[in-house]
Amino acid sequence: MHLAATIRNVVHRFDSVREVLARANPPKSGDDLAGISARSAVERVAARAVLANLTLHELRQHPVVPYEKDELTRMVEHTLDEGAFKAVSHLTVGQFREWLLESETDGLKIRSVSAGLTPEMAAAVCKLMSNMDLMTVASKCQVVVRANNTLGLPGRLSSRVQPNHPTDDVQGILYSMREGLSYGCGDAVIGVNPSTDTAESTAEILTAIDKVLKKNDCPTQHCVLSHVTVQMRALDLGCPMDLMFQSLAGSEAANKAFGISLSLMDEAWEKMKEKGTARGPNSMYFETGQGSALSSAAHHGADQVTLEARAYGFARRYKPFLVNTVVGFIGPEYLEDGPQITRAGLEDHFMGKLLGLPMGCDACFTYHARMSQDELESLKVLLGAAGCTYLMSLPVGDDIMLNYQSTSYHDIPSVRRLLNKRPTPEFDAWMVERGLWDYEQNVPGPAFGRPEAILPT
């Protein structure tokens, strides 16, 4: 490999593919914090010139975390679809970008090679793309999955109702959930971030949510985002559980910081196949976010975009129903302002879709990041236009437990109307039946925004 480029008669040399990937990355405060970002705009251009001429075959040979040091690297290598890889292995990263953007390259063609791509390949081509490039390709990719309803069909935009409560008061959770449902939110999942991480509390919340959904014949899924080991114990208590959740990272060491491993996630997946209550085959839910590996000093000198792609490589092993990048939640140390958060959201959505995942996004920011409400709303629209599978939804977009700004219950119907999108087909029909939406006029129905229209238990 030739890891050097000459710009204005100055030769820029790089020591490794990992360094090329890091220097080619758009500006990110996390890469600055790690000391691996480009030292000038010219060096960034040089790194991209080198990257554009590397082949996908060469990227496979040089993962950013060595094979002998990381179980995720080994898993990706051992499970790669050789036929799909062979179809694109000869392409340079620059040629692969051009192929993805060609009008003749549709979603079916992209999906045919997806299983042959390593995460490093997805990250590499991402670094050569503009924001519009990322949206254009992601909008082609369709990943259809099923639990209790069908997610990812064209022309659809789903949402997660996030009815968090700072003390896990079950009635407070249920009221917030009913309010979200009344706005047509929640077709992706009713997902609660618990403040009490116990099997008993997890089971209590899930049982209560399940009763309300069944009372209202509501076609969606539920999940409590406690640690995977806690959810496994809750399953053993006999509670309903449509989806099992876990946060994932892009290296073995970072996942150890989360208290998980490949073998533990395999065990959890098998338990959900045995005891999960969703009707469809997809029963796992994962969240990720750029900077998670660096925050636990487990990044191995790799940039945060590439490590995020590796988290998606981990996730696709389990054929999940939902994958969600919580794009601005980790903090400004990793994504410091509106442009960086926006870029990261579009990067993550693109990479996840390219690797075959049903990708959603929590378009959000913590209050000490430099992002405005207008920038956040713009990101939601950009993601919707890019074919994002789902967004979050919570009361007034302000999470009272986690203290960050996200998507409100009101935002989801607004973005749907703006982009001519609808919820999942099953949930769509339910909304009409309940008087939540009038599709002949494409306006809210008489029960829209009325929590009392969703019956309590």
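The values are calculated or read from the model by the stated rules, or taken from the named source; none is laboratory data. None of the values given here were measured: they were computed from a predicted structure. When we count neighbours, we look across all protein chains shown, and the Cβ atoms used for this are built from the backbone with ideal geometry, even at glycine. With ligands, DNA and RNA removed, areas are computed over all heavy atoms of the protein, side chains included. Shrake-Rupley method; radii C 1.70, N 1.55, O 1.52, S 1.80 Å.
Overview of values
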read-out: Subset tally (residues that are open to solvent by 10 Å² or more (accessible area, probe 1.4 Å) and not in a loop (DSSP other than H, G, I, E, B)) for the stretch 120-140; value: 7
read-out: Any hit, the stretch 309-327, residues being in a loop (DSSP other than H, G, I, E, B), open to solvent by less than 10 Å² (accessible area, probe 1.4 Å) and farther than 20 Å from Q246 by Cα; value: no
read-out: Selection status of G259, touching a residue at least 60 places away in the same chain (Cβ under 8 Å), part of a loop (DSSP other than H, G, I, E, B) and more than 17 Å from the chain's Cα centre (by Cα); value: no
read-out: Number of positions in the stretch 141-175 that are open to solvent by less than 60 Å² (accessible area, probe 1.4 Å), touching a residue at least 60 places away in the same chain (Cβ under 8 Å) and within 13 Å of I400 (Cβ to Cβ); value: 4
read-out: Answer residue from the stretch 328-341, given it is within 9 Å of G30 (Cβ to Cβ) and hydrophobic (A, V, I, L, M, F, W, C) and is least open to solvent (accessible area, probe 1.4 Å) among those; value: L335
read-out: Boolean, S89 is open to solvent by 10 Å² or more (accessible area, probe 1.4 Å) and more than 20 Å from the chain's Cα centre (by Cα); value: yes
read-out: Residue satisfying condition, being touching a residue at least 40 places away in the same chain (Cβ under 8 Å), open to solvent by 10 Å² or more (accessible area, probe 1.4 Å) and out of contact with any Ser or Thr (no Cβ under 6 Å at 6 or more places or on another chain), within set R44, R60, R18, R39; value: R18
read-out: Yes/no for R60 being under 29 Å from G331 (Cβ atoms), of a type outside the set (A, V, I, L, M) and part of a helix (DSSP H, G or I); value: no
read-out: Cross-chain or 6+ apart pairs with Cβ under 8 Å, the stretch 417-440 first and assigned by TED's automatic domain parsing to the domain that holds T220, then open to solvent by 60 Å² or more (accessible area, probe 1.4 Å) and part of a helix (DSSP H, G or I); value: D438/V432; Y439/V432
read-out: Any hit, the stretch 269-276, residues being without any contact (Cβ under 8 Å) to a residue 60 or more places away in the chain, part of a loop (DSSP other than H, G, I, E, B) and either under 26 Å from L128 (Cβ atoms) or open to solvent by 30 Å² or more (accessible area, probe 1.4 Å) (or both); value: no
read-out: Residues that are touching a helix residue (DSSP H, G or I) at 6+ places or on another chain (Cβ under 8 Å) and either open to solvent by less than 20 Å² (accessible area, probe 1.4 Å) or among the small types (G, A, S) (or both), drawn from the stretch 372-390; value: S372, L376, S378, L379, K380, L383, G384, A385, A386, G387, C388
read-out: Residue identified as among the aromatic types (F, W, Y) and farther than 17 Å from N193 by Cα among F321, F258, F286; value: F321
read-out: Filtered residues of the stretch 446-457 (kept if under 31 Å from the mean Cα position of the chain (by Cα) and under 24 Å from G155 (Cβ atoms)); value: F448, G449
read-out: Residues satisfying the stated conditions in the stretch 398-422, i.e. of a type outside the set (S, T, Y), open to solvent by less than 50 Å² (accessible area, probe 1.4 Å) and within 16 Å of G191 (Cβ to Cβ); value: D399, M401, I412
